[in-house]
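Visitor: Pasting in a structure now, in structure tokens, and then I'll have a few things to ask.
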Amino acid sequence: MTDITYLDSGVCLGRLANGAHLDVAELLAEMDAHGIQASAAHHAVAREHDPATGNAQLITEIADSPRILPVWTVLPSHTDEFPHPDDFVAQARAAGVGLARMFPAVDLPGHRLALREWSVGPLLSALERARIPLFLDFLLFRRGEPPWDDIVEVCEHHPDLIVILVDVQGRNNRNLYPLLSRYPGLRVQSSGFNVHNGIEDLCERFGAERLVFGSGAPHGYVGSARFHLDRARISDQERALIASGNLLAMLEAQKGVTP
């Protein structure tokens, strides 16, 4: 296996309500232990309490850790608890943030968001114009199934938005594959994609460009996530794209874009 750079896109910093915890020092130690060069992290406070507060806390906590890229959790601005979409994009750029994450699930600790144009449309349009990829996290567990019609709604109205599905889980291929065929902007994070030969099959059918590496830490294990990708029967070129190349290309595409 050639030298490959690994960027873990699936990390949550802070303490979650179930007691799971990961601070910056612990994350860096995990990264060093498993050969992970960089991570992209959101914050538990943004995920389970208040996105604006958690996003600010994230920037403070990782200020001295350039190996950790910030991922900001997003909400619509209708209740004034979050900036107007255009203001959010400006603030994100000023803070060096190029990735967003949304928790729309109606079950706790989701943010109870309707993925409809009348609710999230302006926010998604702003992300789309700025080429900021969106990690869409329905907080699925084991054999949970995402709301496919909601994903269709987002992809239909925002064809240029990169949407990265998190924790797709096993046995969802029958619904996932037709959406990957129909929507070029749809991606899958490897965290939770617990399908026998799933990485191999998805690469063969749709190309390695449709996957990004993630561990799901602290719920998931960084070492296990890397083992999953390292042992997949794909080429080193495909592995390198999944490990970091695809996400780095998304970040590079933002440069020079005027939203």
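The values are calculated or read from the model by the stated rules, or taken from the named source; none is laboratory data. Owing to the predicted nature of the structure, the values given are computational and were not obtained by experimental measurement. All Cβ positions, even for glycine, are placed from backbone atoms using ideal geometry, and neighbour counts span all protein chains on display.
Visitor: Tell me yes or no: at least one residue of segment 134-145 is out of contact with any Phe, Trp or Tyr (no Cβ under 7 Å at 6 or more places or on another chain), assigned to a helix (DSSP H, G or I) and surrounded by fewer than 22 Cβ atoms within 10 Å (Cβ to Cβ).
Guide: no
Visitor: Here is a further query. Among the residues of segment 187-205, write down those that are outside any helix (DSSP H, G or I) and either surrounded by fewer than 22 Cβ atoms within 10 Å (Cβ to Cβ) or polar (S, T, N, Q) (or both).
Guide: Q189, S190, S191, N194, V195, H196, N197
Visitor: Considering segment 48-87 alone, what residues qualify as being among the charged types (D, E, K, R) and either part of a loop (DSSP other than H, G, I, E, B) or at pLDDT 95 or above (or both)? Show your work before the answer.
Guide: Narrowing segment 48-87 to residues among the charged types (D, E, K, R): 48, 50, 61, 64, 67, 80-81, 86-87.
Matches in segment 48-87: D50, E61, D64, R67, D80, E81, D86, D87.
Visitor: Return the only residue of A52, A44, A56, A38 being farther than 20 Å from L123 by Cα and surrounded by fewer than 20 Cβ atoms within 10 Å (Cβ to Cβ).
Guide: Details: A52 fails: farther than 20 Å from L123 by Cα; A44 fails: surrounded by fewer than 20 Cβ atoms within 10 Å (Cβ to Cβ); A56 fails: farther than 20 Å from L123 by Cα.
Just one listed residue meets the conditions, A38.
Visitor: Being among the hydrophobic types (A, V, I, L, M, F, W, C), within 29 Å of L22 (Cβ to Cβ) and in contact (Cβ under 8 Å) with a residue 24 or more places away in the chain, is that true of even one residue in segment 169-185? Outline the logic, then answer.
Guide: Our first condition is that a residue be among the hydrophobic types (A, V, I, L, M, F, W, C); within segment 169-185, this holds for 176, 179-180.
Keeping just the survivors that are within 29 Å of L22 (Cβ to Cβ) gives 176.
This time we only want the ones that are in contact (Cβ under 8 Å) with a residue 24 or more places away in the chain, so: none.
Looking for residues that are among the hydrophobic types (A, V, I, L, M, F, W, C), within 29 Å of L22 (Cβ to Cβ) and in contact (Cβ under 8 Å) with a residue 24 or more places away in the chain, one finds none in segment 169-185, hence no.
Visitor: Which residue pairs have Cβ atoms under 6 Å apart, sit 6 or more places apart or on different chains, and have a first residue in segment 127-141 that is without any contact (Cβ under 8 Å) to a residue 60 or more places away in the chain and a second that is surrounded by fewer than 24 Cβ atoms within 10 Å (Cβ to Cβ) and of a type in the set (S, T, N, Q)?
Guide: That search, which allows pairs on different chains as well, returns L140/Q169.
Visitor: Would you confirm, using the coordinates I've provided, whether L179 is surrounded by fewer than 19 Cβ atoms within 10 Å (Cβ to Cβ), modelled with pLDDT of 90 or more and not in a loop (DSSP other than H, G, I, E, B)?
Guide: Details: surrounded by fewer than 19 Cβ atoms within 10 Å (Cβ to Cβ): yes; modelled with pLDDT of 90 or more: yes; not in a loop (DSSP other than H, G, I, E, B): yes.
For L179, the condition - surrounded by fewer than 19 Cβ atoms within 10 Å (Cβ to Cβ), modelled with pLDDT of 90 or more and not in a loop (DSSP other than H, G, I, E, B) - is met.
Visitor: Just checking, how many residues over segment 47-68 are out of contact with any His (no Cβ under 8 Å at 6 or more places or on another chain), hydrophobic (A, V, I, L, M, F, W, C) and touching a residue at least 40 places away in the same chain (Cβ under 8 Å)?
Guide: 2
Visitor: Does any residue of segment 206-216 turn out to be under 30 Å from L22 (Cα atoms), within 15 Å of the chain's Cα centre (by Cα), β-branched (V, I, T) and not in a helix (DSSP H, G or I)? Can you show your working first?
Guide: Applying the first criterion (under 30 Å from L22 (Cα atoms)) to segment 206-216 yields 208-216.
Subsequent filtering for residues that are within 15 Å of the chain's Cα centre (by Cα) retains 209-216.
When the remaining residues are screened for being β-branched (V, I, T), the result is 212.
Adding the requirement that they be not in a helix (DSSP H, G or I) leaves 212.
Within segment 206-216 (the criterion being under 30 Å from L22 (Cα atoms), within 15 Å of the chain's Cα centre (by Cα), β-branched (V, I, T) and not in a helix (DSSP H, G or I)), the answer is yes, since at least one residue qualifies.
Visitor: State yes or no: is D149 more than 18 Å from L99 (Cβ to Cβ), out of contact with any Gly (no Cβ under 6 Å at 6 or more places or on another chain) and not in a strand (DSSP E or B)? Give the steps one after another, and end with the answer.
Guide: Details: more than 18 Å from L99 (Cβ to Cβ): yes; out of contact with any Gly (no Cβ under 6 Å at 6 or more places or on another chain): yes; not in a strand (DSSP E or B): yes.
Yes.
Visitor: Sticking with this structure for a sec: Tell me, please, whether a residue that is in contact with a helix residue (DSSP H, G or I) (Cβ under 6 Å, 6 or more places away or on another chain), more than 27 Å from E128 (Cβ to Cβ) and crowded, with 22+ Cβ neighbours inside 10 Å can be found in segment 73-90.
Guide: no
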